[in-house]
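The next block holds one structure in the form of structure tokens; read it before the comments.
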Amino acid sequence: MTTANYTGEITAEGVQSIRYTVTYLGAPIPEPEPEPVQEAGPSIIPWIILAVSLMVLAGGGAAVFILLRPNAVIYAMNARGVAYKRLGAQRVSVRKPRLDFTKLREYPAAEASVKLTEKLAHKLAGRLITIQLYNGTRTHLVEWTDGMDSYWFAVRDEG
């Protein structure tokens, strides 16, 4: 009788006439217990996504506000000819300077005054601005001088 300590798998190959008897002594090896599942606390990822989304929306809103706010205001004398009445404000592009009086809430009776912001007038210095009226268009050459805080010019509707 032979005794041996063996660990591993037993397979037989080759001669089939030898018989082995294996006797297992001792306790079987227990299966490892699964690791306990830890309860996840509140995740911070949704809060990060929400914060980033709000920052993007706020930044986009600020950009739209800055880039699309009116930079030209149109005034006309009131009916008694005593004071100027604000008729509306429009955004004038530097690339294609244009005002459209036909889109005002109230069309000027005969003459209107236009006030351009300092920044816009400085950028348009020496260029023509087109003013759309009901009976055609007018143009005005912006004659900006350094030191001005705004630029005013008059538009007369000869119609």
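The values are calculated or read from the model by the stated rules, or taken from the named source; none is laboratory data. Since the structure is predicted, the reported quantities are computational estimates derived from the model, not experimental observations. For neighbour counting, all protein chains shown are included, and Cβ atoms are generated from backbone atoms with ideal geometry for every residue, glycine included. The protein model used for the area step is the full one, side chains on, heavy atoms only, and it has no ligands, DNA or RNA in it. Shrake-Rupley method; radii C 1.70, N 1.55, O 1.52, S 1.80 Å.
For (1) at pLDDT 85 or above; (2) among the hydroxyl-bearing types (S, T, Y); (3) exposed (fewer than 10 other Cβ atoms within 10 Å of the Cβ), each residue gets a yes or a no:
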site: I44; (1), (2), (3): yes, no, yes
site: I49; (1), (2), (3): yes, no, no
site: S53; (1), (2), (3): yes, yes, no
site: R69; (1), (2), (3): no, no, no
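Quick check on segment 90-120: of everything there that is within 21 Å of D149 (Cβ to Cβ) and modelled with pLDDT of 90 or more, which residue is surrounded by the fewest Cβ atoms within 10 Å (Cβ to Cβ)? By that ranking, first place goes to R91. The one condition from (1) modelled with pLDDT of 90 or more; (2) in a helix (DSSP H, G or I); (3) in contact with a Pro (Cβ under 9 Å, 6 or more places away or on another chain) that I129 does not meet is (2).
Every test in (1) open to solvent by 80 Å² or more (accessible area, probe 1.4 Å); (2) in contact (Cβ under 8 Å) with a residue 12 or more places away in the chain; (3) assigned to a loop (DSSP other than H, G, I, E, B) is passed by E33 save one, and that test is (2).
Considering K119, K96, which residue is within 27 Å of the chain's Cα centre (by Cα) and part of a loop (DSSP other than H, G, I, E, B)?
Answer to the check: K96.
Listed by first and then second residue, the pairs linking a residue in segment 53-78 that is part of a helix (DSSP H, G or I) to a residue that is open to solvent by 50 Å² or more (accessible area, probe 1.4 Å), with Cβ atoms under 8 Å apart and 6 or more places separating them unless they lie on different chains, are L68/R91. Taking the condition of being modelled with pLDDT under 80 and open to solvent by less than 50 Å² (accessible area, probe 1.4 Å), how many residues in segment 71-89 meet it? Counting residues in segment 71-89 that are modelled with pLDDT under 80 and open to solvent by less than 50 Å² (accessible area, probe 1.4 Å) gives 3. Kindly evaluate T145 against the criterion of being at pLDDT below 90, hydroxyl-bearing (S, T, Y) and surrounded by fewer than 17 Cβ atoms within 10 Å (Cβ to Cβ). Yes.
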